[in-house]
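Scroll down for the structure; my scribbles are underneath it.
The values are calculated or read from the model by the stated rules, or taken from the named source; none is laboratory data. Only a predicted model underlies this, so the values are computations on that prediction, with no experimental measurement involved. Backbone-built Cβ (ideal geometry, glycine too); neighbour counts: all protein chains shown. Surface accessibility is based on the protein's heavy atoms, side chains included, excluding ligands, DNA and RNA. Shrake-Rupley method; radii C 1.70, N 1.55, O 1.52, S 1.80 Å.
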Amino acid sequence: MSSIASSLLVLGMGVGSLLASLIMSIIDDLTKRGGAESWVSSNVNKGHYDYYYLVLAGFSLVNLLCYTVCSKAYGPCIREEEEVVEEEKSWIGTKTYSYYVLLGSKSRHLIKGRRIPTIPTYRTATHVDTSFFSILVFHLVSEMENSVSEKGKIIEQPLLMVENDSGEGTQKGGFRTLPFILGNMFLVITATSALTPNMILYLMNEYHMDIITGSNIINTWSAVTNIAPVVVAFIADSFVGRFQTIGLGSVVTLAGMFLFWLTTLIPQARPPPCVISDNICRSAGMFQLFYLCFALAIVAIGAGVIKSLSLAFGSDQLKREVRQENVRALERFFSWYYALYALSIVVALTCLVYIQVNMGWALGFGAPVLLVLFATLLIYLGTPFYVKLKPKSSLITGLFQVIAASYRNRCLRLSSQSADILYHQKKGSTIVLPSEKLRFLNKACIVRDPQLDLNPDGEATDPWRLCTVDQVEELKALLKVVPIWLTGVVVAINISQPSFPVLQANTMDRHIGSSFEVPAASFGIFGFISTVLWIVLYDCLILPVASKLTGKPVHFSPKERMGFGLFLSLLSVLAVAVVEGVRRNIAIKEGHSDDPNGVIPMSAVWLLPQNCLLGFAEAMNAIGQNEFYISEFPRSMSSIASTLLALGMGLGSLLASFIMSTIDNLTKRGGAESWVSSNVNKGHYDYYYLVLAGFNLVNMLCYIVCSKAYGPCKGEEEEIVEEK
């Protein structure tokens, strides 16, 4: 019942909101009888909110007395009395406010006598993702100062012993380093994420770009942001080191953000304003475009550094003794990481976007510069406390070594009898022979002459000619998932359409009430909220209900979730096509054919279905991909598994740019209006999204074929046998 326990607090908040509304309505009706001014009047000077809050104070007093009675009637919590006795006997001299873990198969975390559901340590990163909300509730009431082993022994702040330059041991790492690392990540992601939503409006209004050019710049920028982490991780692990790379990445991001901010301050950095009377708009010059793209490229590279290394660098601070004695340490860090990452997106899409829309570009793009400045200072403030691991050979290097060795040994013949061949094995590895799939790669691990190919310690004399069986199997595992990985790229294409949704929302009624208007760029937050909502519902509602109905534990495999995500992605682009067709017809009837900025009498609420469907699709497919890669790859390839999704997003951004440019060139032939025109009322974005729907349909069929060809995932064969 841990999922129910974690949702009770949220449920209570919801009931509280309803009761608050009911109480205010009742007090309003009671106090305004006879023509008197209501206590909760809109005119706060005429009302009596002091009386209103005194009534709430009375409710709170009665509630406190009720809690006291209920608490006494409930009695002691499970094993509370026994644990108090054990604490007095064995924990003398320790800090009593620290938490500890009870023994037994049904363990419960006790924090100052409160029972909080145990959150298991999952093997895959996906399960950490899907349960980080319940973990976050747990962390908010537990201290970051101390940690605890599974045996119930308190561990003071876990520090690692590291030798300094003089050879003396010093204590480094531990939880005290995480505020610096997580704070740096949060500020950088918040700042860089705030640039994307309104970027198309900035490029079209200030640089006088058409939607094709602006979208291509944004998609290319997004691709670099997603692909850069793969390259950066390789450089950091193999040559530079993580701390040095993160520090440099923060400085680079700051420089890029500052250069981009200057485009709002220096008139010469962008084209002159349009002359509306003469309908003259000069496009950006070569130097202005180069300066803009250079600044965005610097931001992309720097942000890629932070995205790729923050998680790994933070885990460096909690490894070795901590990982052995406290399996919760890394899980707590991962949970805080994902929670803060999610919070950074919310802040960017709401607060910073609001500043851009209502206070101007200079202030809107200047605020992120300050955030990155604080992030850079923060990461360097923790320098004395960090564990700084030395760079070592990267796994990616090993994969290239297999390709090179198999090519250089291409003349070798493979025997059908494995006993006739000597393979190079890694010390301590359980893999003795290579698999029969992709047999040509097996040539990379064949030992031709032990005297020449191997050193006295058993290592290969030339790792680019002779590899281990483990390296060969790692490359095979990667190649095997490539077809399924490619099907996820089409979902990335759907997500990489940042320009049109903003222009579409900009022409619709976005008012909430009479005064507040939702910024057009903020509608993307509904897709993000849908992603988070699906994660919570899947764990807390769908699986428990399905298990209860079937009478046995229900679990949807990663491939099933990926396939359902592809289906939802197809529905999302169909929804965009339908809504856009209706919006365009209304705009034309209202006489806005030549006015792409004219607001039509159609509520922007109609945009919610497409955003929600895309959010659900991303949650299903992206999380399914992560779990699929991590569960199918060897443990040594976990770093590659975690970067495949980002790599797919980068490729999707490039393909989205290519598709839009191709459709633009094809549909504007003969002087016709392009389907993806900058004037959304003259274009045919409904047709464009129908084309994307066709790609999604073909992609879904390809996924079904690839999924069948792949066969069962690890662990599924055993489950099938058990069911039989």
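Pull out the extension gain between Leu265 and Arg448, defined as 0.36 nm times the separation in residues minus the alpha carbon to alpha carbon distance; nm, one decimal.
So the chain would gain 59.2 nm between Leu265 and Arg448.
List the residues, sorted by chain then number, that are 5 or more residues from Tyr423 or on another chain and whose placed amide H is less than 5 Å from its amide H.
Sorted by chain and number, the residues that satisfy this are Val447.
Rounded to the nearest Å, what's the spacing between the alpha carbon centres of the range 33-76 and the range 642-692? Just the number, please.
Cα centroid of the range 33-76 versus Cα centroid of the range 642-692: 57 Å apart.
Leaving out ligands, DNA and RNA, what percent of the accessible area of the range 515-602 is carbon and sulfur, probe 1.4 Å?
For the range 515-602, the apolar C and S fraction of the accessible surface comes to 69 percent.
Quick one: which of Lys426/Lys708; Lys437/Lys552; Lys172/Lys307 span more than 25 angstrom between C-alpha atoms?
Lys426/Lys708; Lys437/Lys552
If you wrap a convex hull around the Cα atoms of the range 473-723, how much volume per residue is inside, in Å³?
Looking at the range 473-723, the number lands at 147 Å³ per residue.
Please compute the modelled spin-label separation between Leu248 and Lys708, points set 7 Å along Cα→Cβ, answer in nm with one decimal.
The modelled label-to-label distance comes out at 5.0 nm.
Per residue of the range 26-37, in order, report the coupling 6.51 cos²θ - 1.76 cosθ + 1.60 (Karplus, θ = phi - 60°) as ³J(HN,Hα) in whole Hz, putting x for Gly and Pro.
Those phi angles translate into 5, 4, 5, 5, 6, 8, 9, 5, x, x, 6, 6 Hz.
Counting alpha carbon pairs within less than 8 Å and at least 6 residues apart, what relative contact order, in whole percent, applies to the range 507-602?
43
Could you run the Karplus curve 6.51 cos²θ - 1.76 cosθ + 1.60 with θ = phi - 60° over the range 217-231 and give me ³J(HN,Hα) per residue in whole Hz, x for Gly and Pro?
With the stated coefficients, the range 217-231 comes to 5, 5, 5, 5, 4, 5, 5, 4, 4, 8, 7, 3, x, 5, 5 Hz.
Under 5 Å between amide hydrogens, which residues at least 5 positions from Lys172 or on another chain qualify, with H placed 1.01 Å from N in the peptide plane?
Under 5 Å from the amide H of Lys172 lie the amide H atoms of Leu160, Met161, Val162, each far enough along the sequence or on another chain.
I'd like the Karplus ³J(HN,Hα) series for the range 43-55: coefficients 6.51, -1.76, 1.60, θ = phi - 60°, whole numbers in Hz, and an x wherever there's a Gly or Pro.
Per-residue couplings from phi come out as 8, 5, 7, 8, x, 10, 5, 5, 5, 4, 6, 5, 4 Hz.
Averaged per residue, what accessible area in Å² does the range 473-723 show with a 1.4 Å probe, protein chains only?
45
Between Val676 and residues 5 or more places away or on another chain, which pairs have amide H atoms under 5 Å apart, with H built 1.01 Å from N, and which residues are they?
His684
Simple spin-label model, 7 Å along Cα-to-Cβ: Ile586 to Tyr354 in nm?
2.6
Quick check: the distance between the Cα centres of the range 493-563 and the range 589-622, to the nearest angstrom?
Between the Cα centres of the range 493-563 and the range 589-622 lies a distance of 14 Å.
Using the beta-carbon distance between Ala546 and Cys281 and R0 = 41 Å, what value does 1/(1 + (r/R0)^6) give for FRET efficiency, to the nearest 0.05?
For R0 = 41 Å, the calculated efficiency reads 0.10.
Counting only C-alpha contacts under 8 Å and six or more residues apart, can you give the relative contact order of the range 473-723 as a whole percent?
Computed over the range 473-723, the figure is 33 percent.
Ranked by accessible surface with a 1.4 Å probe, highest first, in what order do Asp686, Asp29 come?
Highest to lowest solvent-accessible surface, that is Asp29, Asp686.
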